[in-house]
1. Inside the stretch 1-25, can you point out the residues that are within 14 Å of ligand 1 (Cβ to nearest atom), charged (D, E, K, R) and part of a strand (DSSP E or B)?
2. Would you confirm, using the coordinates I've provided, whether S230 is open to solvent by 40 Å² or more (accessible area, probe 1.4 Å) and either touching an Asp or Glu at 6+ places or on another chain (Cβ under 6 Å) or within 23 Å of K23 (Cβ to Cβ) (or both)?
3. Among the residues of the stretch 156-195, how many are in contact (Cβ under 8 Å) with a residue 60 or more places away in the chain and in contact with a Pro (Cβ under 8 Å, 6 or more places away or on another chain)?
4. Quick one: R214 ticks every box in (1) closer than 19 Å to T42 by Cα; (2) surrounded by 22 or more Cβ atoms within 10 Å (Cβ to Cβ) bar one, so which box is it?
5. Residues G56, G81, G50: which one is surrounded by fewer than 20 Cβ atoms within 10 Å (Cβ to Cβ), touching a residue at least 24 places away in the same chain (Cβ under 8 Å) and not in a helix (DSSP H, G or I)?
6. Residues in the stretch 36-72 that are more than 16 Å from ligand 1 (Cβ to nearest atom) and under 17 Å from the mean Cα position of the chain (by Cα): how many?
7. Just for the stretch 110-159: of the residues that are in a loop (DSSP other than H, G, I, E, B) and polar (S, T, N, Q), which one is surrounded by the fewest Cβ atoms within 10 Å (Cβ to Cβ)?
Amino acid sequence: MIKMKNLTLGYKKEKILNKLNLKIKKGEFIGIIGPSGAGKSTLLMSVVGGIKVFDGHFEVLDYNMENIKKKELIKLRKQVGIIFQGYNLVDRLSVLDNVISGMLKDIPMARAIIKYYKEKELKKVQKLMEIVDIQKHSLKRCDELSGGQRQRVAIARALASDPKIILADEPISALDQKSAEKVMKILEKINEDLKVTIIANLHHLEIANQYCHRIIGVNKGIIIFDGKPSELTNEIIEKIYEGEASEEPEE
Ligand SMILES: Nc1ncnc2c1ncn2[C@@H]1O[C@H](COP(=O)(O)OP(=O)(O)OP(=O)(O)O)[C@@H](O)[C@H]1O
Ligand SMILES: [Mg+2]
């Protein structure tokens, strides 16, 4: 699904990730770990083409990312769901409307404006809300929900376009432990039942070890580790997080 060969990625003139070599297959559940500024979000977002390719070979879902055309990029992005730490929901809209917005590419604008949805579409939304266990709040506005509930709505919305890949950038960083576990369990179920490939940036190492089949450890733009959680030794963990404490203070 994703292939990176000697890939160097970054922004404008700045190279951030160097000589990446990765192959990601359908159905994997991958956790990316590493200190702040390591390049985790850059790595994740490169999958939807927002990041400059300096050198090397890069393929996502059979699209060549080195010189991908805008039209192809739009097609690719329809197949990738994204979840952020900050949810990115429309607060004043209901749970149902937010989830349905994930399907809008399939619903003509005129129907969307008057909120005329077909039976089939409503059934699908119902099912998605069940998957993330938010159906009993379906008519509530999103600003009436807790953080965990909002993140579950965001997952349902991401699923609405039947993605092959879900990218999750720190999906649980803003949540308490119980809500975080619920969100991770839902992602695990989506991965197992729907065979969606999931790549998640995670700050909590224990959570990454518990839910992910494969861990990619990044530090200073380099992949330090790529393997099973059981292969992560204390020595490797130290290497992945090396230099974190000496980060300059936040302004
Ligand atoms: N839009 C951008 N333009 C230029 N440089 C950027 C941009 N976004 C990030 N960077 C730089 O890329 C480097 C890696 O940032 P990235 O956000 O990928 O790190 P991260 O591992 O996700 O960190 P965190 O854990 O804090 O989210 C940093 O030096 C950052 O300043
Ligand atoms: Mg980040």
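The values are calculated or read from the model by the stated rules, or taken from the named source; none is laboratory data. Just so we're clear, the structure is a prediction, and the values are computed from it rather than from any experiment. Cβ: placed from backbone, ideal geometry, glycine included. Neighbour counts: every protein chain shown. Surface accessibility is based on the protein's heavy atoms, side chains included, excluding ligands, DNA and RNA. Shrake-Rupley method; radii C 1.70, N 1.55, O 1.52, S 1.80 Å.
1. Initial filter on the stretch 1-25 (within 14 Å of ligand 1 (Cβ to nearest atom)): 8-18, 20.
The next check asks that each one be charged (D, E, K, R); those that pass are 12-15.
Once the filter is applied, which keeps residues that are within 14 Å of ligand 1 (Cβ to nearest atom), charged (D, E, K, R) and part of a strand (DSSP E or B), the stretch 1-25 yields E14, K15.
2. Working: open to solvent by 40 Å² or more (accessible area, probe 1.4 Å): yes; either touching an Asp or Glu at 6+ places or on another chain (Cβ under 6 Å) or within 23 Å of K23 (Cβ to Cβ) (or both): yes.
Against the criterion (open to solvent by 40 Å² or more (accessible area, probe 1.4 Å) and either touching an Asp or Glu at 6+ places or on another chain (Cβ under 6 Å) or within 23 Å of K23 (Cβ to Cβ) (or both)), S230 qualifies.
3. Of the residues in the stretch 156-195, 1 are in contact (Cβ under 8 Å) with a residue 60 or more places away in the chain and in contact with a Pro (Cβ under 8 Å, 6 or more places away or on another chain).
4. (2)
5. On the way: G81 fails: surrounded by fewer than 20 Cβ atoms within 10 Å (Cβ to Cβ); G50 fails: touching a residue at least 24 places away in the same chain (Cβ under 8 Å).
Exactly one residue qualifies, and that residue is G56.
6. Total meeting the criteria: 2.
7. Here the residue is S146.
Yes/no per residue for (1) among the small types (G, A, S); (2) in contact with a strand residue (DSSP E or B) (Cβ under 9 Å, 6 or more places away or on another chain); (3) assigned to a strand (DSSP E or B); (4) modelled with pLDDT of 95 or more:
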position: P163; (1), (2), (3), (4): no, yes, no, yes
position: A174; (1), (2), (3), (4): yes, no, no, no
position: I186; (1), (2), (3), (4): no, no, no, yes
position: H203; (1), (2), (3), (4): no, yes, no, no
position: E247; (1), (2), (3), (4): no, no, no, no
